[in-house]
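Let me begin by presenting the structure, written as structure tokens, before commenting on it.
The values are calculated or read from the model by the stated rules, or taken from the named source; none is laboratory data. Everything quoted here is computed from the prediction, not taken from an experiment. So basically every Cβ, Gly included, is an ideal-geometry build from the backbone, and we count neighbours across all protein chains shown.
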Amino acid sequence: MEGAIAARTMIDEKIKSLPVEEQDAALSEIAASVQAGMPPRENPRINKSIDSVHASGPLARAHVVIHGNCNYKQTGLLQAYTAYSLLQQPPRRAGFASACQAFGHRELLGVLRSFGLVLEPVVTVHS
């Protein structure tokens, strides 16, 4: 955040007084210095994930494990799916709700599986 404040101060002090053509060039130079290239792609061999959930009731308990990879791709895919879903139909639950409540856990898991970003869940039930 301090870098953003410093950049804004520099723009106000040094760039605003320049002619429009020079302002564009100076701003382009600043933008290029912030991120000069594309970020590296996620490597599925390195960027792995594991989601583990334990649940229990009065007479039974369950453990679900989902192995996946490429968390940024997962996030992007879920955002794209939710936008697509909202264009097709209203959410199942409005207001403050989890993605599973609003769009369905089976649907979200299905889209992640269809793009090869997660494996089939491993479910262990003890009753």
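Structure summary
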{"quantity": "Scope the stretch 111-127; condition surrounded by fewer than 12 Cβ atoms within 10 Å (Cβ to Cβ) and either touching a Phe, Trp or Tyr at 6+ places or on another chain (Cβ under 8 Å) or in a helix (DSSP H, G or I) (or both); matching residues", "calculated": "114"}
{"quantity": "Verdict on residue 64 being among the β-branched types (Val, Ile, Thr) and more than 19 Å from the chain's Cα centre (by Cα)", "calculated": "yes"}
{"quantity": "Residue check for residue 38: assigned to a helix (DSSP H, G or I) and at pLDDT below 85", "calculated": "no"}
{"quantity": "Selection status of residue 42, surrounded by 13 or more Cβ atoms within 10 Å (Cβ to Cβ), of a type outside the set (A, V, I, L, M) and not assigned by TED's automatic domain parsing to the domain that holds residue 12", "calculated": "yes"}
{"quantity": "Criterion violated by residue 51 - all others in (1) part of a loop (DSSP other than H, G, I, E, B); (2) exposed (fewer than 12 other Cβ atoms within 10 Å of the Cβ); (3) charged (D, E, K, R); (4) modelled with pLDDT of 85 or more satisfied", "calculated": "(1)"}
{"quantity": "Conditions (1) in contact with a helix residue (DSSP H, G or I) (Cβ under 6 Å, 6 or more places away or on another chain); (2) under 30 Å from residue 3 (Cβ atoms); (3) at pLDDT 95 or above; (4) not aromatic (Phe, Trp, Tyr); number of the one not met by residue 111", "calculated": "(2)"}
{"quantity": "One residue from 83, 60 being more than 22 Å from residue 41 (Cβ to Cβ) and either of a type in the set (S, T, N, Q) or in contact (Cβ under 8 Å) with a residue 40 or more places away in the chain (or both)", "calculated": "60"}
